[in-house]
Amino acid sequence: MKILIVEDEPALLKTLVDSLTKEYFVIETANDFYSAEEKMELYDYDCILLDIMLPNGSGLQLLEQLKKAGKQGNVIIISAKDSLDDKLKGLELGADDYLTKPFHIAELNARIKAVIRRNQLDGKNTIEIANTVLDLKERTFVVNNTIVPLNRKEFDILNYFLLNKNRLVTKTALAEHVWGDNTDQADNYDFIYYQIKNLRKKLTEAKAEIEIEAVYGIGYKLTEQ
Amino acid sequence: MKLLNKSLIYLSVSLFFVIGLWTVVFYFNMFREIKESIDEGLENYKRQIIYQAQKDPTILNKKTFAEGFFAIREISQAQAVAMTDTYTDTIMLMQDADDEAPEPEPVRLLKTAFENHGKYYELRVINSMVEEDDLVKELFREALGLYLLLIAIIIFINNFVLQRLWKPFYSFLNQLKKYRIGNKFPEVKTETQEFNDLQKAVTILLQRNAETYEQQKQFIGNASHELQTPLAIATNKLELLIEKGNLQPEQAENIAETINIIERLVRLNKSLLLLTKIENNQFLDNKTVSFNEVVKQSVNDLEEIADYKNVTISVSETSELTAHMNLSLAYAVVSNLLRNAVFHNTENGTVTVTISEKAITIRNTGSKTPISETQLFSRFHKTESNTNGTGLGLAIVKAICDLYEFPIVYRFENDLHCFELRIK
């Protein structure tokens, strides 16, 4: 999987590279309009992370050029601008997703994987890890060929963890992803602990070969046993 | 008090004194005039009598006023020489046509001396004068009439003329009352220079105000906006650091705390940006929103948090409630109110949501004391110091309600905190 990151802020670029390298992606970077334009013209990428405000030009312009060239880019716009206008325009121009800064690494990871999966030609929409299969289309979870019933939120939590296998998922990232963006007053995320406890119980009972472990009290990590 | 009435009061008071003074002056002048004219008449009589006496000496025998308006008495030469013409006011008993018996009447009396065929006589001629109290009475009546007439005219002028003159001013004032920052500046067409000057001055003031407001808004927007990237870097770096592992528990704890603080900053920032955007009116895609649906979804999102806090949320709907607004703002209002009700609740508490035809009411158990309504919706107002919230939740609710002109009311009744959101 080849990914192009177009971002002009060096520190952010570096953390993105660090994080995505862990997923065994091949990563290329561009930090201004022209170098991004060149790379996008010359190569094909499985996913492009695109900042809108760039030196010498706008990310939206790059998106337009990409579309004109007929390239399927799987573009995710990363912008500090949480403006609906930009969002709509970006999606209209063919971007696959729009992520507002600041974001959690887990969230970006999940979005990239979701975008890549959505655009894969075989149309397979399942995540298979160890002896488990999560079917995103049917919204079912199968362990050892037996369906384990999950409620809507348990399914979303598991999906998020599976997309972030072996990665840290902070409670905040999980809360924002599963319980929505309006978590302004969530003074603590302790309630998540109970959700995870239920999920763990179901995983153990079904003898799933994956487990969710706590990470220093700040979040969790899903690993294969 | 209105300007029109005020000017009326000033005018009527000053007119009262002016007319009063004028009446007094007029009275004395007229009285002097009357006397002069009577004196001239007396002088005339005197000449006629003297002239007649030369032709007809019988006149000289009229010694009293009984038969006429003059009396003649013989005097010595010395007396006659010493005498000059004198006019005096005196009272005499007289009977007018309308009097039954003679009554004392004011008369003007001329005393003079003349010579007739070597003899000297004293002549006294009288003429009845105007009665002073009658004159005063009459004059007072006239002055009062004039005063009332003038007042009536002034009221008329005030109402019809001044009101017309002040019309641009009142129209300007009304526009100014309705003015909100971002609206068109108040403007009236008028020829009056003062009003034009006022308009110019106010417009300059408003412009400056609008600019300041705009700058402030931009500052908050930019500041929040520019913070996004550094915050992103900070969170992501710390997340990667934790992910790497090999940390002492104490170090991990510190990093976790730092992440929490940064996340709080992120929430604060997001809320400020949201507030700025609401106030900038940047949410334009209004559509028909079902509040029943929004409440259902928001309650669903809060279920686990409420369970964890042992708070029961119940919803009762008596009617379908819709509004024309932005969907994400509808969610922001409802979810912030619900979160507020859940987080400021007690163990085993309740949250009751009632959706009626015109309003959503959210009642929750909580602290036993009411909250001051003025502080409640202000930014960064916090009731408990230990919460990790931004203190902007209700400010956001208020801003959205203001934007759509939905009244929101807080009440404390039966030990329940009650928020009522009325949808027009």
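Coordinate-derived values only; no laboratory data. The structure presented is a predicted model; accordingly, all values stated were derived computationally and were not measured. For neighbour counting, all protein chains shown are included, and Cβ atoms are generated from backbone atoms with ideal geometry for every residue, glycine included.
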Review point. If the cut-off is a Cα-Cα distance under 13 Å, which aspartates and glutamates reach B:Lys63, setting aside same-chain residues fewer than 8 apart in sequence?
Key: B:Glu74, B:Glu122
Review point. Does a label point 7 Å from the Cα of B:Asn44, set along Cα-to-beta-carbon, have any residues of region B:123-139 with amide nitrogen under 18 Å, and which are they?
Key: B:125-130
Exercise for review: Over the whole of A:210-216, what's the average partner chain Cβ count within 10 Å per residue? Rounded to a whole number, please.
Suggested key: 2
Review point. Rounded to the nearest 0.05, what FRET efficiency do B:Ile151 and B:Asn29 have when you use their Cβ-Cβ distance and R0 = 22 Å?
Key: 0.30
Exercise for review: Could you work out how far helix B:193-244 tilts from the main Cα principal axis of chain B, as a 0 to 90 degree angle to the nearest 10?
Suggested key: 10
Review point. With the contact rule set at Cα under 8 Å and sequence spacing of 6 or more, what percent relative contact order holds for chain B?
Key: 9
**Study point:** Centroid-to-centroid separation of region B:316-346 and region B:134-156 [C-alpha atoms, Å]
**Key:** 70
Point to revise | Value of D in µm² per second that Stokes-Einstein yields for region B:1-132, Kirkwood Rh from Cα pairs, at 20 °C (1.002 mPa s) | key: 119
Revision key, fill the gap. Fewest to most Cβ atoms within 10 Å: B:Arg339, B:Arg379, B:Arg180 sort as B:Arg180, B:Arg379, B:Arg339
Point to revise | Gain on full stretching of the segment that runs from B:Gln175 to B:Leu327 - 0.36 nm per residue minus C-alpha separation | key: 51.5 nm
Point to revise | Between helix B:249-279 and chain B: long-axis angle, C-alpha atoms, 0 to 90°, nearest 10 | key: 40
Practice item. Take the alpha carbon gyration tensor of region B:326-424, find the square roots of its eigenvalues, order them as a ≥ b ≥ c, and report rounded if a/c is under 1.5; if not, report prolate when a/b exceeds b/c, else oblate. Key: oblate
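Would you calculate a helix-derived [θ] at 222 nm for chain B, using -39,500 (n - 2.57) for each DSSP H run of n ≥ 4 and dividing by the full residue count, to the nearest 500?
About -19500 deg cm²/dmol.
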Review point. Whose amide H sits under 5 Å from the amide H of B:Gly349, counting only residues 5 or more places off or on another chain, with H placed in the peptide plane?
Key: B:Thr312
Review point. Which Cα, out of B:Phe380, B:Gly68, B:Ile154, lies furthest along the positive dipole direction of chain B (beta carbon charges, K/R +1, D/E -1)?
Key: B:Phe380
**Study point:** Residues A:Leu163, B:Leu376 arranged by fewest to most Cβ contacts within 10 Å
**Key:** B:Leu376, A:Leu163
Check your understanding: aspartates and glutamates within cross-link reach of A:Lys39: Cα-Cα under 20 Å, excluding same-chain residues under 8 positions apart?
Key -> A:Glu7, A:Asp8, A:Glu9, A:Glu28, A:Asp51, A:Glu64, A:Asp96
Study note, to complete from the structure: A chain fully extended from B:His381 to B:Asn222 at 0.36 nm per residue, minus the present Cα-Cα distance, gains in nm 54.9 nm
Check your understanding: For A:Leu99, which sequence-distant residues (separation of 5 or more, or a different chain) have an amide H within less than 5 Å of its own amide H, given hydrogens modelled in the peptide plane?
Key -> A:Ile77, A:Ile78, A:Ser79
**Study point:** Nearest 10 degrees, 0 to 90: helix A:10-21 Cα axis against chain A principal axis
**Key:** 50
Review point. Around B:Tyr120, which amide H atoms from residues at least 5 apart in sequence, or from another chain, sit under 5 Å from its own amide H, with H modelled in the peptide plane?
Key: B:Ile75
Check your understanding: Between B:Ser290 and A:Thr223, what is the FRET efficiency for a Förster distance of 51 Å, r being their Cβ-Cβ separation, to the nearest 0.05?
Key -> 0.75
Review point. How far apart, in nm, are the 7 Å Cα→Cβ label points at A:Tyr24 and A:Asn125?
Key: 2.6
Practice item. Starting from the Cα of A:Asn151, step 7 Å along the direction of its Cβ; do the same at B:Trp22; then give the gap between the two resulting points in nm. Key: 9.2
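At most 15 other Cβ atoms within 10 Å plus a DSSP loop assignment makes a site exposed; report the longest stretch of chain A without any exposed trypsin sites (Lys or Arg not before Pro). Walk me through the numbers on the way to the answer.
Working: sites that count: A:Lys22, A:Lys124, A:Lys137, A:Arg139, A:Lys207.
Longest site-free region, per DSSP loop and neighbour criteria: A:23-123.
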Point to revise | Distance in nm between pseudo-label sites at A:Ala11 and B:Ile9 (7 Å out along the Cβ direction from Cα) | key: 6.7
Study note, to complete from the structure: In cubic angstrom per residue, the convex hull of region A:126-224 built on its Cα atoms measures 91
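Of the chymotrypsin sites (Phe, Trp or Tyr not before Pro) in region B:129-214, which ones lie in a loop per DSSP and count no more than 16 other C-beta atoms within 10 Å?
Hits after loop and neighbour filter: B:Tyr179.
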Review point. For region A:2-118, what is the Kirkwood estimate of the hydrodynamic radius, computed as the reciprocal of the mean inverse distance between distinct Cα atoms, to one decimal in Å?
Key: 13.9
Review point. In region B:38-82, which trypsin sites (Lys or Arg not before Pro) are in a loop and have at most 12 other Cβ atoms within 10 Å, using DSSP for the loop call?
Key: B:Lys63
Review point. Across peptide B:253-262, what mean number of C-beta atoms from other chains lies inside 10 Å of a residue's C-beta?
Key: 3
Check your understanding: How about A:Lys201: which lysines have a C-alpha closer than 25 Å to its C-alpha, ignoring those fewer than 8 places off in the same chain?
Key -> A:Lys137, A:Lys153, A:Lys165, A:Lys171, A:Lys221, B:Lys309
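Per residue, how big is the convex hull around the C-alpha atoms of chain B? Give it to me in cubic angstrom, could you?
332
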**Study point:** Hull volume in cubic angstrom per residue (convex hull over the Cα atoms of the protein assembly as shown)
**Key:** 304
Point to revise | Magnitude of the charge dipole, region B:213-293, Cβ model with Lys/Arg +1 and Asp/Glu -1, debye to 20 | key: 200
**Study point:** Charge dipole (region A:126-224, unit charges on Cβ, about Cα centre) - positive-most of A:Asn144, A:Val215, A:Val133
**Key:** A:Asn144
Exercise for review: State the extension gain, in nm to one decimal, for the chain segment bounded by A:Lys202 and A:Tyr43, taking 0.36 nm per residue of separation less the distance between their alpha-carbons.
Suggested key: 52.7 nm
**Study point:** For region B:119-269, fraction of C-alpha pairs farther apart than 19 Å, in %
**Key:** 78
Practice item. Can you grab the distance from the C-alpha centre of region B:38-88 to the C-alpha centre of region B:268-282, Å, no decimals? Key: 110
Exercise for review: Fewest Cβ neighbours within 10 Å first, please rank B:Val333, A:Val143 accordingly.
Suggested key: A:Val143, B:Val333
Review point. Do any GluC sites (Glu not before Pro) in region B:294-362 lie in a loop, going by DSSP, with at most 10 other beta-carbon atoms within 10 Å of their beta carbon, and if so which?
Key: B:Glu347, B:Glu357
